[in-house]
Amino acid sequence: MMTTHRPSIIPLRSLLALIAAAFLLSACEGESTESLPNTSASASSVNYTGPAPENDDVQAFKLAVWDNLATQDKCGACHNAGGQSPTFVNEQDINIAYAQARTVVNLDAPSQSEMVSKVAGGHNCWTSSTAACVDILTTYLTNWAGGAAGSVKTVELRAPTEKDPGATLTFPASSGEFESTVYPVLTTYCSDCHTENGQTPYIASSNGATAYEQAQSRINLETPSASRLVQRLRTDFHNCWDDDCDLSADTMQMAIEDFAGLQSPQTVDSDLVVSKALNLAEDGLLANSGGRYENNIIALYEFKAGEGQTAFDTSGVSPALDLTLSGNTEWVGGWGIALGGAYQNEQNFMVPAGKAQAPLQIARNYIPS
């Protein structure tokens, strides 16, 4: 059984129960009214001793943005006093830092700030996930703009960049080239099961046309390594031959690459009326994260990384309660992770139950003394 977890927030009052339950990722309801502990001080924090903020907005900027970005591991190594422009983490005068920051932010739409787009482009991300850096920085700017004071999280809608569809590889009508490349691998290693006398899909059918029809949805001509026929071997360890799943997957991938290499990119028929070249992964906007109260939170998991072993805490609260994924865990579409029970794989290796946990030494920072 797999349990799927979607974007979650953690208020302070749930922390003790969360730690006891190995940081269960259930979404929290309602608005917390408890104050957060002071967790901003750390070994890498910067002690500001310059002139006082000139007004409340400068003070809000300092608390929400400057205090979080002035450290050496983020922006303090470059955009400080005497550093490169804009000096928005000037450690000598917060008012100068504020004026510089105003030139690269959009407080009406924080996610569209130049500061955010710069990080989104790969500039000085302080985590292993650019998406996490973008979300955290957006949180800082949103808090500066007043978004953290009893506000409801909203979804910012914006038009994607228009792109014309390009040439793509398409499956030929005839199965001949498939039968000379991929089909021999399938009939050699998959015919014990995947024929009309066995189980679907009939990718090793004695009829080449049938096998071709059944295999097309499991072949990615543009990215052969992403083909389901390859991933079934490399990731799922399904029916590998010679007790070597990597070699089996490589053999299948090379066969698909040979098949794809015989195809020529096809452009869209000029007589057709087509939409622009948009796709969910790059241009889509998941609108499932709005409507939540996010004041006084200590952790926020939006699961946007989509890969790797870390679910990043994008609340902006320091130190971050990043979750380490282990065991039977996988990323799922629509921003989420699925945690499954323990099982024994086809190589007789016991895969433990899936877990998502934050280091206890960091979690202790949030336990009231």
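The values are calculated or read from the model by the stated rules, or taken from the named source; none is laboratory data. As the structure is a prediction and not an experimental result, all values here were calculated from the model. Note: ideal-geometry Cβ built from the backbone for every residue, glycine included; neighbour counts use all protein chains shown.
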- prompt: Looking at Gly146, is it touching a residue at least 60 places away in the same chain (Cβ under 8 Å) and over 29 Å from Gly306 (Cα atoms)?
  reply: yes
Cross-chain or 6+ apart pairs with Cβ under 8 Å, the stretch 52-74 first and without any contact (Cβ under 8 Å) to a residue 12 or more places away in the chain and in a helix (DSSP H, G or I), then crowded, with 18+ Cβ neighbours inside 10 Å and among the hydroxyl-bearing types (Ser, Thr, Tyr): none
- line: Selection from the stretch 199-210 of residues assigned to a loop (DSSP other than H, G, I, E, B) and either surrounded by fewer than 16 Cβ atoms within 10 Å (Cβ to Cβ) or touching a strand residue (DSSP E or B) at 6+ places or on another chain (Cβ under 8 Å) (or both) yields Gln199, Thr200, Ser206, Asn207
task: Mind counting the residues in the stretch 120-140 that are among the β-branched types (Val, Ile, Thr) and touching a Ser or Thr at 6+ places or on another chain (Cβ under 7 Å)?
output: 3
- request: For the stretch 69-111, enumerate the residues that are of a type in the set (Asp, Glu), modelled with pLDDT under 90 and more than 23 Å from Thr127 (Cβ to Cβ).
  value: Asp108
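Look through Glu196, Glu213, Glu177 and report the one residue that is among the charged types (D, E, K, R) and assigned to a loop (DSSP other than H, G, I, E, B). Give the derivation first.
Working: Glu213 fails: assigned to a loop (DSSP other than H, G, I, E, B); Glu177 fails: assigned to a loop (DSSP other than H, G, I, E, B).
Every option except Glu196 fails the conditions.
Working only within the stretch 129-164, note down all residues that are of a type in the set (S, T, N, Q) and modelled with pLDDT of 80 or more.
Taking the stretch 129-164 first, the residues of a type in the set (S, T, N, Q) are 129-130, 138-139, 142-143, 151, 154, 161.
Listed by number, the residues that qualify are Ser129, Thr130, Thr138, Thr139, Thr142, Asn143.
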statement: Checked pairs for the stretch 233-248, first surrounded by 14 or more Cβ atoms within 10 Å (Cβ to Cβ), second among the acidic types (Asp, Glu), C-beta under 7 Å and 6 or more apart or across chains, list as Arg234/Asp246; Phe237/Glu346; His238/Glu346
